[in-house]
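Trainee: Handing you this structure, nothing more for now.
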Amino acid sequence: MKKALTIVFAAFVLAACGEVDQSLGGAKPDAPSHTGTGKAYVEPGWKAGDKTSWESKLKARGQYGQNEYTRVN
């Protein structure tokens, strides 16, 4: 019994020493955000690759879509 318990404990200790890769692997952090994702569901009026359009949509979203003071009125 004591030998089996020692083997189980050793197995847990060795399993805890291994490191599992936790990266997602799908995202490209080096690509600018305004280049788009290639998906069909995008904001109307925004064109992929147009930086000024991206910035204006982002500004409008921050001003009106997520501002609690404008939503209450």
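Each value in this text was obtained by applying a stated rule to the coordinates, not by laboratory testing. Every value quoted in this text rests on a predicted model; they were computed, and no experiment measured them. As a convention, Cβ positions derive from the backbone with ideal geometry for all residues, glycine included, and neighbour counts pool all protein chains shown.
Trainee: At a 10 angstrom cut-off on C-beta neighbours, averaged per residue, how do the peptides 53-60, 2-9, 15-22 rank from highest to lowest?
Mentor: 53-60, 2-9, 15-22
Trainee: Further, regarding this structure: Once fully extended, how much extra length lies between L5 and L58, figured as 0.36 nm per residue of separation less the alpha-carbon to alpha-carbon distance?
Mentor: Numbers: separation 53, 0.36 × 53 = 19.08 nm, distance 5.90 nm.
So the chain would gain 13.2 nm between L5 and L58.
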